[in-house]
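Enquirer: Here it is: the structure, laid out below.
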There are 2 protein chains.
Amino acid sequence: MKKSPLQIARASYQPKLPKALQGNVVLSEGHATQSVADQEEIKNLFPNTYGMPLIQFKEGEAKSYPAVNVGVILSGGQAPGGHNVISGLFDGLKKLNPANRLYGFLGGPSGLIDHKYIELTADIIDEYRNTGGFDIIGSGRTKLEETWQFDNGITICKELGIKAIVIIGGDDSNTNACVLAEYYLQKQCGIQVIGCPKTIDGDLKNEMIETSFGFDTACKVYSELIGNIQRDANSAKKYWHFIRLMGRSASHIALECALQSQPNICIISEEVEAKNMTLNDIVNDIVKVVVARAEAGLNFGTVLIPEGLIEFIPAMKKLIAELNDMLAHNEEFNALDTDDEKRQYVKAKLTPESRTVYSDLPKGIARQLTLDRDPHGNVQVSLIETEKLLIEMVAKQLAILKGEGKYKGKFASINHFFGYEGRCAIPSNFDADYCYSLGYAASILISEGKTGYMASVRNLTAPAAEWIAGGVPITMMMNMEKRHGAMKPVIQKALVKLDGKPFQYLAAHRESWADANTSYVYPGPIQYYGPSEVCDLPTRTLLIEHGKIG
Amino acid sequence: MKKSPLQIARASYQPKLPKALQGNVVLSEGHATQSVADQEEIKNLFPNTYGMPLIQFKEGEAKSYPAVNVGVILSGGQAPGGHNVISGLFDGLKKLNPANRLYGFLGGPSGLIDHKYIELTADIIDEYRNTGGFDIIGSGRTKLEETWQFDNGITICKELGIKAIVIIGGDDSNTNACVLAEYYLQKQCGIQVIGCPKTIDGDLKNEMIETSFGFDTACKVYSELIGNIQRDANSAKKYWHFIRLMGRSASHIALECALQSQPNICIISEEVEAKNMTLNDIVNDIVKVVVARAEAGLNFGTVLIPEGLIEFIPAMKKLIAELNDMLAHNEEFNALDTDDEKRQYVKAKLTPESRTVYSDLPKGIARQLTLDRDPHGNVQVSLIETEKLLIEMVAKQLAILKGEGKYKGKFASINHFFGYEGRCAIPSNFDADYCYSLGYAASILISEGKTGYMASVRNLTAPAAEWIAGGVPITMMMNMEKRHGAMKPVIQKALVKLDGKPFQYLAAHRESWADANTSYVYPGPIQYYGPSEVCDLPTRTLLIEHGKIG
């Protein structure tokens, strides 16, 4: 297989480990833990895995461990560093006992259920060290939720002599990892389950998990592109760039990219919801900045838009809910001939509030809401090109202001969406080190017989040698939430906290960034070599949270 | 102004110079030159600048030069490295005589005409060393074509004591630089004009100019993204990514990106034209690959599409010409009410051949062709989202094949367009060195009293010390071409040569890249530090042209 010069060079990078993991390790266990909320219910649902202590790894004496076979699963969307979790796990296992073996289940959790796997040998691992992607064993979105799936897992684990499964995934996958751990304890089948915190979205994050892996690299790729576009905007001086960024519900990615690149505008969905803003409010906020910059002769700028925005606008959420109710299996609607008839039909049946929202939408978007529906008849919110929607509405508003003599600028726009460009990037040094350490930590948790834990590496704004590695009981991160109509125990999804320091930093600076005096920062591409302050820098979100940036 | 860690680190990078430029320089002049074609006409049009010798710089004795004031202009679209041409020019001028001064005309050629300028002092230059963008003095698209513009230039040059103007631009801007040089010689006003070869598109290139600056960096940025997307495609295994790439008419960018990343499919416009292919032919070629990969269980892939494709499809070109003729100031058409009526009107009036082409187009595209027209009533070809057009047509064809039982795969697609992400990237070491050397070379051409020359740096696949610097008479690159109905002397635009080595390399390998055995290469982000084979690599186009890759 042909490789680029950088692929070849990166293959020999040796990820940095916390000092405590560099030699022999001993476990330091803390007090019993509690779930973040709904303690009684979580305890009842997880009688065997609830209340376990926090674990911290420390330097210790040499110790011998019996050989174990381990299985690993990649779950959900790609995130840079997944291959390093696996190589850290592999190296850790081999160091603890050279007879340890690692199996990879293929194509995500379904590999466990359907018994699709390969043994991960040193030759295979070496091909994937410090690379992006999940292609070593593939990933998948099958959810491990049913007991028949768990039982299928037992069969293959017995066949392969597997004593532990590592699940690398986001909040839902780790919730399911804990359910699986609990089930296997209850069945006394001797299979441990360990989770690892993955997702570029950055929404698996709490007191014990400072960040999920992949967030660092993905944000750096997007920020590189945003910075390049800003330099272009500031050179050509004629375009407003509207840039939508992946990240599902939470706005962590948009926020981090804004902290790195200082755009003129960055919308934060969580703020939109908290302030009960309408789409028109958002548009008017943008228009104000466009007009102010035009008055200073600057007919260009940048706007960052989080992917999940639409669902956080209360009035839009209500409209979408009404449309979903109204149009599911609605034969009367489906029988209508023209777009116009359908539009009139919908308008007549909406509540007055939603009718206004619907009427204000550009025609193309309104059509998309009513026509392009998923197999269940639901509006496909993720397909809505919010950046184009906002451009159209901003342009319309500016035209009105121009007619009134209140705006004399020119508004030309370009739209972008970045997501797939970052999910499989070559991991930054930070993610390469962090992931390798997470995998290494998982190998120790396994060898020490732990289950229902998530591998954890903290103190991440210090040099890697000072990172603190250990394990966190997954139940500790759980609460009860309504999912598909029923209350479920789940790991709390972390949205952007409006009283958190990163958002506060944005709020304190965004007016000056919107300003006529262009404050763009140009992060440039991820560097793997060269000065440490360039190559080993964590996200600005982490630096601000840890008080390293004021 | 706040800066990223990489911005700070790059500020101190010292670009590498060819050995001949490192000390004192002497000029070696060759024989009289000829234009590449139409020698008599070009000679008649450029009596004063025709036939001048090639110039090569060699190491020589120290020499003293009288002080000169110089003006510099950035013309046209941004390209990474423009700031380094200016810093090389500045450093070169200061070394030749510390009393030399450099002025920058603001906002492109219009700065010369309208007398907008700043003096570029060491403080300003230092802020922009090794940075992307053209923001140091801005750029613009005003064409220097009229004598009143030239005369306005004389006025400001006299006022500022400017003896030479450096124009950093693409083929048209360099053509105009030569017209200006000729005019100033004819007027005996003592103002020299020197050109520098700029454009990410890579279409300013010939025997003497191996590549235009910015092409290297832009292609590396796009290839980083394509590689990341390919790793994602190969991990998720469920999407076909259709990626359109900037580059105007020529397919150099798409070709270079393909050579770097080895996608499943790369369309080359020049080949489409040479083979007289229709849109359906292109679609069928893609469909064949999709079907073959699906049979091997691979329902994913990548397709690179050059921006200029549509104009190279002979049948589309004919259709567009007919539409432009038919609809310009057509009140009858404009008075029609609905899209359907307009569609029928157009269909009735097209030639049978074009009618078929028009009828085969997806409705949305057909609508765009007839409705979204520029102020002159012309179809806006550059706005056509070719990647979406191809996706729609491929999906339609696959649905037919599925119905016939000839295709059993799944086709899900994602579209991308990359352009603005690369035009202002931080220049690669190659572009930083190349541009600095070009600017430095320009300073010597000026001090030696030359005019009508383009700065030239060759032997670019050797280490920078071995590069060959000098000057090329611009008339040497010219021929007569029809522009807006009249024959004009212009620098020959370089399209992809189908008998050239880079295309031949693609042609020899693309079947295996399309193949079931995924051959993706992942270039990763541009590196400025680290191993030289990673950091200082020129484009694969150059390496192949120079026989360094077989």
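Enquirer: List pairs: first residue in region B:457-476 and more than 30 Å from B:Y183 (Cα to Cα), second residue crowded, with 24+ Cβ neighbours inside 10 Å and small (G, A, S) anywhere in the structure, Cβ distance under 8 angstrom, at least six positions apart or on different chains.
Expert: Partner pairs satisfying both residue conditions: B:A464/B:S437; B:W467/B:S437.
Enquirer: Just to be sure before I move on: is B:N479 among the polar types (S, T, N, Q) and assigned to a strand (DSSP E or B) in the structure I sent?
Expert: Yes, satisfied.
Enquirer: Is there any pair linking a residue in region A:377-393 that is part of a loop (DSSP other than H, G, I, E, B) to one that is of a type in the set (D, E), with Cβ under 8 Å and at least six apart or on different chains, and which?
Expert: Pairs found: A:Q380/A:D372; A:Q380/A:D374.
Enquirer: Okay, moving on. Which of the helices (runs of 4 or more DSSP H) contained wholly in region B:211-298 include at least 2 residues that are within 14 Å of chain A (Cβ to nearest Cβ) and buried (at least 24 other Cβ atoms within 10 Å of the Cβ)?
Expert: Per the criteria, B:215-236, B:252-261.
Enquirer: Buried (at least 23 other Cβ atoms within 10 Å of the Cβ), within 25 Å of A:K238 (Cβ to Cβ) and either within 14 Å of chain A (Cβ to nearest Cβ) or in contact (Cβ under 8 Å) with a residue 12 or more places away in the chain (or both): does that describe B:H83?
Expert: yes
Enquirer: So which residues in region B:334-348 are of a type outside the set (A, V, I, L, M) and surrounded by 16 or more Cβ atoms within 10 Å (Cβ to Cβ)?
Expert: Scanning region B:334-348 gives B:K342, B:R343, B:Y345.
This table checks each residue for (1) farther than 20 Å from A:Y184 by Cα; (2) touching a residue at least 12 places away in the same chain (Cβ under 8 Å); (3) over 25 Å from the mean Cα position of the chain (by Cα); (4) surrounded by 16 or more Cβ atoms within 10 Å (Cβ to Cβ).
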{"position": "A:Q56", "(1), (2), (3), (4)": "yes, yes, yes, yes"}
{"position": "A:E59", "(1), (2), (3), (4)": "yes, yes, yes, no"}
{"position": "A:K63", "(1), (2), (3), (4)": "yes, yes, yes, no"}
{"position": "A:G76", "(1), (2), (3), (4)": "yes, yes, no, yes"}
{"position": "A:D91", "(1), (2), (3), (4)": "yes, yes, yes, yes"}
{"position": "A:G111", "(1), (2), (3), (4)": "no, yes, no, yes"}
{"position": "A:I124", "(1), (2), (3), (4)": "yes, yes, yes, yes"}
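Enquirer: Still on this structure, please answer the following. Could you check region B:428-439 and list, in sequence order, the residues that are within 14 Å of chain A (Cβ to nearest Cβ) and part of a helix (DSSP H, G or I)?
Expert: Listed by number, the residues that qualify are B:N429, B:F430, B:D431, B:A432.
Enquirer: Another question, if that's okay. Kindly indicate whether any position in region A:325-333 is under 30 Å from A:I200 (Cα atoms) and either crowded, with 16+ Cβ neighbours inside 10 Å or touching a strand residue (DSSP E or B) at 6+ places or on another chain (Cβ under 8 Å) (or both). Show your work before the answer.
Expert: Taking region A:325-333 first, the residues under 30 Å from A:I200 (Cα atoms) are none.
The answer is no, given that none of the residues of region A:325-333 is under 30 Å from A:I200 (Cα atoms) and either crowded, with 16+ Cβ neighbours inside 10 Å or touching a strand residue (DSSP E or B) at 6+ places or on another chain (Cβ under 8 Å) (or both).
Enquirer: Based on what the data block shows, is A:E61 assigned to a strand (DSSP E or B) and either among the acidic types (D, E) or closer than 21 Å to A:T475 by Cα (or both)?
Expert: Details: assigned to a strand (DSSP E or B): no; either among the acidic types (D, E) or closer than 21 Å to A:T475 by Cα (or both): yes.
It is false that A:E61 is assigned to a strand (DSSP E or B) and either among the acidic types (D, E) or closer than 21 Å to A:T475 by Cα (or both).
Enquirer: I've got another one for you. So, restricting to helices (runs of 4 or more DSSP H) that lie completely within region B:496-550, which ones have at least 3 residues that are at negative phi and within 20 Å of the chain's Cα centre (by Cα)?
Expert: Helices (runs of 4 or more DSSP H) meeting the threshold: B:501-514, B:540-545.
Enquirer: Working carefully through the options B:G214, B:G247, B:G202, B:G161, find the one that is of a type in the set (G, A, S), closer than 30 Å to B:D499 by Cα and either at pLDDT below 95 or out of contact with any Asp or Glu (no Cβ under 8 Å at 6 or more places or on another chain) (or both). Lay out the reasoning, then the answer.
Expert: Numbers: B:G214 fails: either at pLDDT below 95 or out of contact with any Asp or Glu (no Cβ under 8 Å at 6 or more places or on another chain) (or both); B:G202 fails: either at pLDDT below 95 or out of contact with any Asp or Glu (no Cβ under 8 Å at 6 or more places or on another chain) (or both); B:G161 fails: closer than 30 Å to B:D499 by Cα.
Selected residue: B:G247, the only one of B:G214, B:G247, B:G202, B:G161 that is of a type in the set (G, A, S), closer than 30 Å to B:D499 by Cα and either at pLDDT below 95 or out of contact with any Asp or Glu (no Cβ under 8 Å at 6 or more places or on another chain) (or both).
Enquirer: Mind checking which pairs have a first residue in region B:264-282 that is within 18 Å of B:H252 (Cα to Cα) and a second that is basic (K, R) and surrounded by fewer than 21 Cβ atoms within 10 Å (Cβ to Cβ), Cβ under 9 Å, 6 or more apart or different chains?
Expert: If the second residue must be basic (K, R) and surrounded by fewer than 21 Cβ atoms within 10 Å (Cβ to Cβ), the pairs left are B:N264/B:R293; B:N264/B:R510; B:I265/B:R510; B:C266/B:R510; B:E270/B:K497; B:E273/B:K317.
Enquirer: Check region A:330-344 and report whether any residue there is of a type outside the set (S, T, N, Q), in a loop (DSSP other than H, G, I, E, B) and either under 32 Å from the mean Cα position of the chain (by Cα) or on the phi > 0 side of the Ramachandran plot (or both).
Expert: So far as region A:330-344 goes, no, none of its residues is of a type outside the set (S, T, N, Q), in a loop (DSSP other than H, G, I, E, B) and either under 32 Å from the mean Cα position of the chain (by Cα) or on the phi > 0 side of the Ramachandran plot (or both).
Enquirer: Here's a follow-up. If you take the residues in region A:398-409 that are part of a loop (DSSP other than H, G, I, E, B) and under 19 Å from A:Y239 (Cα atoms), which one is farthest from the other protein chains (Cβ to nearest Cβ)? It would help to see each step written out before you state the result.
Expert: Going residue by residue through region A:398-409, those that are part of a loop (DSSP other than H, G, I, E, B) are A:404-409.
Checking the rest, the ones that are also under 19 Å from A:Y239 (Cα atoms) come to A:407-409.
On the way: A:Y407: 21, A:K408: 19, A:G409: 16 Å.
For region A:398-409, the residue satisfying everything is A:Y407.
Enquirer: Given B:A425, B:A412, B:A469, B:A442, which one is among the small types (G, A, S), crowded, with 23+ Cβ neighbours inside 10 Å and within 14 Å of chain A (Cβ to nearest Cβ)?
Expert: B:A425
Enquirer: Among the numbered conditions (1) in a loop (DSSP other than H, G, I, E, B); (2) surrounded by fewer than 16 Cβ atoms within 10 Å (Cβ to Cβ); (3) touching a Pro at 6+ places or on another chain (Cβ under 9 Å), tell me where A:E41 comes up short.
Expert: Unmet condition: (1).
Enquirer: When you go through (1) within 14 Å of chain A (Cβ to nearest Cβ); (2) at pLDDT below 95 one by one for B:K482, which number turns out not to apply?
Expert: All conditions are met except number (1).
Enquirer: Just the residues that are under 18 Å from A:K205 (Cβ atoms) and either within 13 Å of chain B (Cβ to nearest Cβ) or among the β-branched types (V, I, T) (or both), please, taken from region A:496-547.
Expert: Matches in region A:496-547: A:V496, A:Y505, A:P538, A:T539, A:R540, A:T541, A:L543, A:I544.
Enquirer: When you go through (1) buried (at least 24 other Cβ atoms within 10 Å of the Cβ); (2) within 13 Å of another protein chain (Cβ to nearest Cβ) one by one for B:L204, which number turns out not to apply?
Expert: (2)
Enquirer: Can you name the condition, by its number, that B:E271 falls short on among (1) of a type in the set (D, E, K, R); (2) under 25 Å from the mean Cα position of the chain (by Cα); (3) at pLDDT below 95?
Expert: That leaves (3) as the condition not met.
Enquirer: Cβ-Cβ below 7 Å, separation at least six or inter-chain, first residue in region A:416-430 and under 15 Å from B:V521 (Cα atoms) and in contact (Cβ under 8 Å) with a residue 24 or more places away in the chain, second small (G, A, S) and part of a loop (DSSP other than H, G, I, E, B): which pairs?
Expert: A:C424/A:G132; A:C424/A:G133; A:A425/A:G132; A:I426/A:G132; A:I426/B:G524
Enquirer: For region B:452-466, which residues satisfy the criterion of being part of a loop (DSSP other than H, G, I, E, B) and either buried (at least 16 other Cβ atoms within 10 Å of the Cβ) or polar (S, T, N, Q) (or both)?
Expert: Answer for region B:452-466, where residues must be part of a loop (DSSP other than H, G, I, E, B) and either buried (at least 16 other Cβ atoms within 10 Å of the Cβ) or polar (S, T, N, Q) (or both): B:G452, B:N459, B:L460, B:T461.
Enquirer: Another one. May I ask you to list pairs of residues, at least six apart or on different chains, whose Cβ atoms are under 6 Å apart, with the first in region A:8-20 being facing chain B (nearest Cβ under 10 Å) and the second being hydrophobic (A, V, I, L, M, F, W, C) and in a helix (DSSP H, G or I)?
Expert: Listed by first residue and then by second, the contacts come to A:A9/B:V534.
The values are calculated or read from the model by the stated rules, or taken from the named source; none is laboratory data. None of these values were measured; they are calculated from a predicted model. Reconstructed Cβ throughout: ideal geometry from the backbone, glycine too, with neighbour counts over all protein chains shown.
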